[in-house]
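Below is one structure, written out as structure tokens; the observations come after it.
We did not get these values from a lab; they are worked out from the coordinates using the rules stated. This one's a predicted model, so the numbers in the text were calculated from it and none came from an experiment. For neighbour counting, all protein chains shown are included, and Cβ atoms are generated from backbone atoms with ideal geometry for every residue, glycine included.
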Amino acid sequence: MHRFLLLILFCLSISAGAQPLEFFIQETLEANYDIRIVRVESDIAANNNTPGNAGFLPVIDAGGQYQISENNTVQNFFDGSTREGAGARNTGLNGDISLNWTLFDGFRMFANQDRFGYLESIGRSNVRFFIDQTVADLTAVYYQIVKEYRVLDILESSLEVSRYRFRLENARKQVGAGTALDYNQALVDYRSDSSLIIQQKGLIRQLEVELNRISNRNLDDSLQHTNDIPLEMNLPSREQMEALAMENNQNLEISRLNELIAESDIRIAQSDRYPTVNLFGNYTYNRSTSEIGFVESNRSYGPQVGVRIRMNLYNGGNINREIRNAQMQRNVAGLNREAAELNIRAEIYQQMIIYQALIQRLAIADENVISAGRALDVARAQLNEGAINGVDFRVVQLTLINVRNNREQALFTLKAVEINLLRLMGRVANYFM
């Protein structure tokens with residue numbers, strides 16, 4: 001029982017040390033600046049989608065004014081009399097409340113309502129698009145870091161081989177069995193491998209900074225990575241991918257919504273051909289006083305209501321011009337949608353070709369790694385026996401490095417293609433979360 005608890009604690013400590021991809025995705029969805037900005041823009045689009053903004057609701061205004069004036073007045077009448085006033089005070093008070101309600105505007109308000117609804121949908125699609133794109137970028141960087149750590153392991157194991165060869169040549173030189181050429185060549189190769197490790201660590205650090213930037217984390221944080229690059233070997237067929245992309249790809253959805261917005265713009269332009277009917281009403285109150293004049297005080301108040309009809313009869317053909325322009329914009333939006341569909345189908349096809357070729361290359365790379373490893377074992381034994389020199393051994397060593405690096409590059413590229421296919425299908429966020 002005690003050993004079992006120790007095993008559990010050991011496994012938990014390992015899992016706690018590694019930071020899985022899901023951890024970074026969750027942080028990114030909450031903190032990434034681009035996603036936060038596009039969410040605010042989506043909220044603005046939703047906030048604009050109201051009946052009042054579309055023009056369905058009335059406009060009600062209220063106002064008032066109070067004024068005082070003092071005048072020195074001299075009034076001469078026809079009968080010869082005169083009336084004078086010094087500092088005569090006049091006051092005025094008025095207030096009103098008014099209503100204006102568009103009852104009919106050629107169906108413009110309905111077209112506006114549809115347009116604002118489509119814009120709100122575009123806002124939501126933009127959020128999903130940025131989430132998919134950011135998750136795809138984050139996942140690619142994450143697995144590139146894993147790949148570069150695996151390459152670092154390759155370089156470090158190669159450095160051990162170079163260290164072994166250098167020590168062997170140094171020992172031979174000490175007893176007079178080796179040559180200065182072999183010794184110095186082994187030293188140069190050892191230093192070259194050390195330099196490659198320094199370069200590789202710098203590349204990893206740059207990628208970690210990029211990962212932290214996407215996740216909006218502290219740029220100095222290091223990645224506690226896993227060492228695996230898992231592959232989804234059961235991808236759908238090309239036809240299934242295209243069907244999923246046509247249904248879920250957010251870039252394509254935005255193209256469709258833009259086409260619907262263009263349709264609404266045609267209806268908005270056509271609304272100018274119809275009359276506009278407004279219901280208006282107001283209630284006013286006015287009161288004034290005067291210390292000199294014919295009227296000492298005056299007060300009036302009461303409601304007013306009416307209907308106003310307005311229709312444009314001719315404005316130089318601008319209405320027809322705007323309708324034609326809107327129709328052409330609708331055609332452009334349709335062409336953009338068709339182009340987006342074709343581009344997605346073509347990209348899926350191209351990525352599938354690359355994916356299938358990479359699977360074959362990865363299988364060949366696995367076999368090459370085995371063969372190159374065996375060749376290095378043979379070369380090491382021959383180097384110990386003096387059957388080959390250091391230059392020939394280095395060739396075999398570099399061959400193993402190259403085939404192992406090629407294998408890691410093929411594996412990562414295969415993962416990158418898989419990520420891109422999932423993004424095109426609109427499944428990347430759900431898959432990796």
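Stokes-Einstein, applied to the Kirkwood radius of the stretch 272-395 over Cα pairs at a viscosity of 1.002 mPa s and 20 °C, places its translational diffusion at 84 µm² s⁻¹.
In a fully extended conformation the segment linking Asp221 and Arg321 would gain 30.1 nm over its present Cα-Cα distance, using 0.36 nm per residue. The three principal axes of the C-alpha atoms in the chain carry coordinate ranges of 146, 58, 55 Å, sorted with the longest axis first. For the stretch 208-289, just say rounded, prolate or oblate: build the C-alpha gyration tensor, square-root its eigenvalues into a ≥ b ≥ c, call rounded for a/c under 1.5, and beyond that prolate if a/b exceeds b/c, oblate if not. Note, shape of the stretch 208-289 comes out oblate. Residues whose amide H lies under 5 Å from that of Thr179, counting only those 5 or more places away or on a different chain, are absent; hydrogens are built 1.01 Å from N in the peptide plane.
Summarising the amide proton neighbourhood of Leu103: residues at separation of 5 or more, or on other chains, whose placed amide H is nearer than 5 Å comprise Val277, Asn278, Leu279.
Here's the picture: a label point sits 7 Å out from the Cα of Ile359 along the beta-carbon direction, and within the stretch 398-415 the residues with their amide nitrogen under 15 Å of it are 411, 414-415. If R0 is taken as 30 Å, the Cβ-Cβ distance between Leu279 and Ile37 corresponds to a FRET efficiency of 0.10. Peptides 238-250, 415-427 ranked from most to least packed, by the mean per-residue count of other Cβ atoms within 10 Å: 415-427, 238-250. Here the 3J(HN,Hα) profile of the stretch 396-403, calculated from phi with Karplus coefficients 6.51, -1.76 and 1.60 at θ = phi - 60°, is 5, 5, 5, 4, 5, 4, 5, 5 Hz, Gly and Pro shown as x.
Using the rule -39500 (n - 2.57) for each DSSP H run of four or more residues, divided by the residues of the chain, the 222 nm mean residue ellipticity is -24000 deg cm²/dmol. Subtracting the Cα-Cα distance of Arg167 and Ile44 from their residue separation scaled by 0.36 nm leaves 37.4 nm. Among 310-321, 386-397, sorting by the average number of other beta carbon atoms lying within 10 angstrom of each residue, highest first, gives 386-397, 310-321. Putting +1 on Lys and Arg Cβ atoms and -1 on Asp and Glu Cβ atoms, find which of Tyr66, Gln113, Ile370 reaches farthest to the positive end of the dipole of the chain. Toward the positive end, the furthest listed residue is Ile370. Helix 33-48 axis versus longest C-alpha principal axis of the chain: approximately 30°, rounded to the nearest ten. Considering only Cα atoms, the convex hull volume of the stretch 206-359 works out to 366 Å³ per residue.
Distance between the modelled labels on Ser192 and Ser288, one decimal in nanometres: 10.2 nm (7 Å Cα→Cβ projection).
For the stretch 299-433, a crude dipole built from +1 on the beta carbon of Lys and Arg and -1 on the beta carbon of Asp and Glu, taken about the Cα centre, is about 1280 debye to the nearest 20. Per-residue extension of 0.36 nm, minus the Cα-Cα distance of Val209 and Asn343, leaves a gain of 45.0 nm for this segment. Take the Cα of Asp366, step 7 Å toward its Cβ, do the same at Ala180, and the gap between the two points is 5.0 nm. Against the chain, whose longest principal axis comes from its Cα atoms, helix 2-17 is set at around 60 degrees.
Over the stretch 254-313, the pair-distance histogram of Cα-Cα distances with 5 Å bins from zero comes to 4, 12, 11, 9, 9, 9, 9, 8, 7, 6, 5, 4, 3, 2, 1 percent, rounded to whole numbers. Listing Glu385, Glu347, Glu70 from fewest to most neighbouring C-beta atoms within 10 Å gives Glu385, Glu70, Glu347.
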